[in-house]
Amino acid sequence: MLKFLKQVGDYAKETVQAAKYIGQGLSVTFDHMQRRPVTVQYPYEKLIPSERFRGRIHFEFDKCIACEVCVRVCPINLPVVDWEMNKTTKKKQLKHYSIDFGVCIFCGNCVEYCPTNCLSMTEEYELSTYDRHELNYDSVALGRLPYKVTDDPMVTPLRELAYLPEGVTEPHGLPDNAQRAGLRPEEILEQEQSKN
Amino acid sequence: MNLAEGVQLVSLGLLSFMMLGAALGVVLLTNVVYSAFLLGGTFISAAGIYLLLNADFVATAQVLIYVGAVNVLIIFAIMLVNKRQDFAPLPKAWIRKSATAVVCLGLFSLLTTMVLVTPWNLSAEVASADSSIIEIGKHFFTDFLLPFELASVLLLMALVGAIILARREFLPEESAVAVQQPILTLPERPRELAGVTPGSPDRTIASKPSDRNK
Amino acid sequence: MYTYGRKRRAEHMEGIDLQQTFIRSLTELGIPSGAAKAIWMPLPMLLMIIGATVGVLVTVWLERKISAAAQQRIGPEYIGPLGVLAPVADGLKLIFKEDTVPAKSDPLLFTLGPVIVVIPVFLSYLIVPFGQNLVITNVSMGVLLWISLSSVVPIGLLMSGYASNNKYSLLGGLRAAAQSISYEIPLALAVLAVAMMSNSLSTVDIVDQQSGYGILGWNIWRQPIGFLIFWIAALAECERIPFDLPEAEEELVAGYQTEYSGMKFALFYLGSYVNLVLSALLVAVLYLGGWESPIPTSLLANLAGVSETSAWLEIVDAAVGITMTLLKAYFLVFIAILLRWTVPRVRIDQLLDLGWKFLLPVSLVNLLLTAALKIAFPVAFGG
C-alpha cells in the first residue's frame, strides 16, 4: 500500500514537473511575441550589401588580356575565354568572354587572381530568371553596372546589423549620417599613421 | 395537420427509407468498405427515428456508441486488413443465395406475425423529451437495477482488463536477443603506418581524413 | 434535484427573448403563428453558420498574426488593414482552385469524406449559448449532443483517407480515428464531472449553475483537473500541435488531406478551425462561466441603481454576454496558438500513452472526487 502511494506521489511529482516545463516554454514563446520583428520587407526594403559582398561578377572587356588565369583558378573552369592570336601585334585578342551564373558558386577566385583587375565583384544578388540559360552572361551583360540599392527611389535601404551604431539593433528610421560602431577604415589608417 | 406534424411525417418517411436502403446496402453490396459505411448510415437513421419518438438520450447514445465507437472500430478493422480481392465466382452459388433468401424471408415473416399478433401494452401519454434522462435514471435504479448493475460490472471488468493490458510493460524475450547477428564489416584498406614520424609536415595535413577540417 | 435547476432557470427566464418578440411582431402583421415560427426557425441557424464562418476567418487571421509575432515576423500586412483580409483571400483562392480527384480513387467516398467531417462540427454549434436565450436550441442533451456529434467525425476522416488511394492518406485517417476515439473518453468523463455538479447536461443550466458569484463561481475553481483534462483532450480532438499526428507534415505529407485540393480541402481547413473555436467556446461554457462576466452585471447594475428589468440593461446584458463568451473563447484560442509554437509534436505511442494511461485514470479519479465532494459539500458542489 505504501509502495503504491509512493508510486502515485512520484507520478504526480513528475506530472507537476512536466507542467512546469511546459509553462516555462510558454512563457518563452510569450516573451518572443513582444520583441520587434526582424524581417526585412523585401521588395520594398532591402539590406545594403556589405563591402565584401560577393555578388554577380563585373567584367571589363578592354582590360582583359585573355591570359585564362580565371579559367585555371576556377573550381569548375567556368569562364569561357574566346580569343585569337593577332599576328600583327603578336598579342592575344579577346573576342568573347562569358560566365554562366547558373553554375558559378561566387567563390571569387577569378577576381582574386585576375592580373589586370578586369574582374570584380558587384553587390547585385537578384539573379532570378524564367530560363536558366538567361543566366549565361556574355561580355556585354557582364559589363553592366548594377543598380545600387541606395539609389533606388522605390526601395528603403536598410543597414545590416554590423553597420549600425553602437547599441542600435533597429535599422528602420536611422539617419543617413549615423556612424557605425567602431572605427571606419580611414580612421584606423589615420591612427596607424599618427602612431608611426 | 399542422406544420410540426407534417414535418414529423415526412422525416419519419425519409428516415425509414434511409434506414431500409442503407441496411439493404450493407447486406447486398460486395464491397465490404461500402457496407461498413452504410452500416453507419443505418445507425444514424435509427438515431433519427429515436429523436422523432422524443427519446433524445437514446438517440445521442446511439450515435455516440454505435456510430462513434462500434462502426469506427469496424471500419478500422476493415482498413487494417484491407486487401482488395475480387470474389471468385463459385459454381452453383444460386443454391446458397436462394437458401439464404428463404431463411431471411422466413425470419421476416415470423417477426412480422409476432409484431402483429402480440397485444402491445401501449401507453397513450406522450413521452416528455426534456426529462427523459431523469426517467431513465429512475428506471435504472428501481426496477432495472439488477441488469443495470450487471452491465456496469461487465463494463468495469472490460475497463480494468483494458488498463491492465495497456499498462503491461512489454519485455522482449532474452532468447530473441541472444541470436547473434554476424557483424557486417566493409573491407578496409590497411592503414599505412610505415616510416612517417608524427611531426613531419608533409604528412600531417591530410594524414587522417577527419583532421582535414580542423 | 432537477427541479432546483429548473426553478433557477425560471427565475432567469426574463431577459431578451428574440424568438417570442419576432413571432409576435410577425403575427401582428397578419401572418399565422405557425408560418411565423417557420420563418423564424432558419434565421438563428443561418446566423450561427455565418457567425461560425466569420469566427474561423478571425481565428485564421489570429493564428497567422500570433504565429508571426512568436517568430518575430510581421505576418500578413498588405491584404486589407493589418492583413485582416488574408483568410478571405485564402478562401477565394481555394474556391477557384481546380478540384482534382486522384486516379484510381473512389470519387463518391472522396467527396463524401470532407462533408461528413464538416457537418457534425457545424451542427454542434446548436448548443453553444451566448446568453440566457441566445442559443439555437436549449436541448436537455446539450453537451452530450456535442460529444456524440464529434464522434461521427472520424468516420469522415477514415472515409477520405481510404478513398484517396494513397498510403499516407490512409495512415493519416487511421491515426485520426485512433486519436479521436482514445481522447473522447477522458473528454466525456471530464464533462460528466461538470454535468454531475450542475445536475443537467444542458449548456444553459451549466452556465446558470456557475452564475451569481462572478469569477469566483466559475467551474475552473471547482474542477481544475477536469479543466486541464478537457483542454488537452479538446486539443487532441482538434488535431492541433502537439497532437497533430494525423497530418504530421514530416511523416505523412498532410495525412488524410494529402490528395485534396480546392473546395474539398477548404472544407477540411474550415472544419478544423470551426472545431477549434467550438472547443474553445465549450471550455468557456463549461469551465469559465460562459456568458457571465468576471464581475456579475447585476451587481454593477445594483451599484449604479438601475432596476433589473429595464430594457436597456437587458440589451447591455446580452451584449456583455456575447462579448464575454467570445473573449474567453478567443483567449483559449490564443493559448492554443501559443502552445503550437512551444510544444513539439508527440509520438504516436506517447499520444496513446497520455490518453489511456494518464488522462483516463486521472479523469476517473476526478469524477470520483467530484462525486465525493458533492456528497460532502452539497452547497459548493451543486448538491
Original post:
What are the GluC sites (Glu not before Pro) within segment A:79-155 that DSSP puts in a loop, where the Cβ has at most 15 other Cβ atoms within 10 Å?
Top reply: A:126
Original post:
For segment A:109-196, what size does the Cα cloud have along each of its three principal axes, sorted from largest down, in whole Å?
Top reply: 50, 38, 19
Subject >> Cα gyration tensor of chain C - equivalent ellipsoid semi-axes, whole Å, descending >> reply: 36, 27, 21
**OP:** Give the cross-link partners of residue C:167 among the lysines, using a straight C-alpha distance below 23 Å as the criterion and excluding same-chain residues fewer than 8 apart.
**Re:** B:83, C:104, C:264
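Per residue and in cubic angstrom, what volume does the convex hull of the Cα atoms of chain A have?
Details: hull volume 58.9 nm³, N = 196.
Output value, Cα hull per residue: 301 Å³.
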**OP:** Return the aspartates and glutamates within reach of residue A:63: Cα separation strictly under 18 angstrom, same-chain partners fewer than 8 residues apart disregarded; answer none if there are no such residues.
**Re:** A:82, A:84, A:112, A:138
Subject >> Cα long-axis angle, helix A:185-195 against chain A (0 to 90 degrees, to the nearest 10) >> reply: 80
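Am I reading the C/B interface right? What is its buried accessible area, both sides, 1.4 Å probe, to the nearest 100 Å²? Kindly include the intermediate steps, with their values, before the conclusion.
Values: alone 18630 and 19070 Å², together 35060 Å².
Rounded to the nearest hundred, the buried surface is 2600 Å².
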Original post:
Across all directions of projection, what mean area in square nanometres is found for the Cα convex hull of segment B:8-83?
Top reply: 4.8
**OP:** Starting from the alpha-carbon convex hull of segment C:55-100, give the projected area averaged over all orientations, in nm².
**Re:** 3.8
Original post:
How big is the C-alpha Rg of segment C:155-229 next to the rule-of-thumb value 2.2 N^0.38 Å, as a ratio?
Top reply: 1.61
Subject >> Sites residue C:365 and residue C:99 - FRET efficiency at Förster radius 56 Å, r taken between beta-carbons, to 0.05 >> reply: 0.70
Original post:
How much of residue A:8 can a 1.4 Å solvent probe reach, expressed as accessible area in Å² and rounded to 10?
Top reply: 70
Original post:
Can you give the Rg and Dmax of segment C:33-144 based on its C-alpha atoms, in angstrom?
Top reply: 18.9, 58
Original post:
So what are the three principal axis dimensions of segment C:323-383 from its Cα atoms, in whole Å, longest to shortest?
Top reply: 42, 39, 12
Original post:
How do C:331, C:122 stack up against each other in accessible area, from largest to smallest, with a 1.4 angstrom probe?
Top reply: C:331, C:122
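Can you give me the relative contact order of chain C as a percent, contacts being Cα pairs under 8 Å and 6 or more apart?
Details: 553 pairs, mean separation 82.5, N = 383.
Dividing the mean separation by the residue count of chain C yields 22 percent.
Once Rh is set to the Kirkwood radius over Cα pairs, what Stokes-Einstein translational diffusion coefficient, in µm²/s, holds for segment A:83-130 at a temperature of 37 °C and a viscosity of 0.692 mPa s?
Working: Rh = 13.5 Å.
Stokes-Einstein gives a translational diffusion coefficient of 244 µm²/s.
What is the calculated FRET efficiency for residue A:141 to residue C:331, with r their C-beta to C-beta distance and R₀ = 56 Å, to the nearest 0.05? Numbers along the way, then the final one.
On the way: r = 57 Å, r/R0 = 1.03.
According to the calculation, E is roughly 0.45.
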Subject >> Debye equation applied to the C-alpha atoms of segment C:107-162, log10 I(q)/I(0) at 0.21, 0.26 Å⁻¹ >> reply: -0.73, -0.92
Original post:
So which of A:6/C:374; A:20/C:65; A:3/C:357 end up more than 22 Å apart by C-alpha?
Top reply: A:6/C:374; A:20/C:65
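Hey, any idea what Rg/Rh is for the protein assembly as shown, computing Rh the Kirkwood way over Cα pairs?
Values: Rg = 36.4 Å, Rh = 33.4 Å.
Looking at the protein assembly as shown, the ratio lands at 1.09.
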**OP:** Over segment C:41-188, calculate the relative contact order: mean separation of alpha carbon pairs under 8 Å at least 6 apart, over the residue count, as a percent.
**Re:** 20
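Do any trypsin sites (Lys or Arg not before Pro) in segment C:313-383 lie in a loop, going by DSSP, with at most 14 other beta-carbon atoms within 10 Å of their beta carbon, and if so which? Please report the intermediate quantities before stating the final value.
Values: sites: C:328, C:340, C:345, C:347, C:357, C:374; in loops: C:345, C:347.
When the trypsin sites (Lys or Arg not before Pro) of segment C:313-383 are filtered for loop state and at most 14 Cβ neighbours within 10 Å, C:347 remain.
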Subject >> segment A:6-160: relative contact order as a whole-number percent, Cα under 8 Å and 6+ apart >> reply: 30
Original post:
What ranking of C:110, C:358 comes out by heavy-atom accessible area, probe 1.4 Å, highest first?
Top reply: C:358, C:110
Original post:
Which of the aspartates and glutamates could a cross-linker span from residue A:148 if the Cα-Cα distance has to be under 17 Å and same-chain partners fewer than 8 positions apart are dropped?
Top reply: A:45, A:51, A:123, A:124, A:126, A:160, A:176
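The values are calculated or read from the model by the stated rules, or taken from the named source; none is laboratory data. Quick caveat, the model's predicted, so the values are computed rather than measured. Virtual Cβ from ideal backbone geometry, glycine too; neighbours counted across all protein chains shown. Remember, those area values only see protein heavy atoms, side chains included, never the ligands or the DNA or RNA. Shrake-Rupley method; radii C 1.70, N 1.55, O 1.52, S 1.80 Å.
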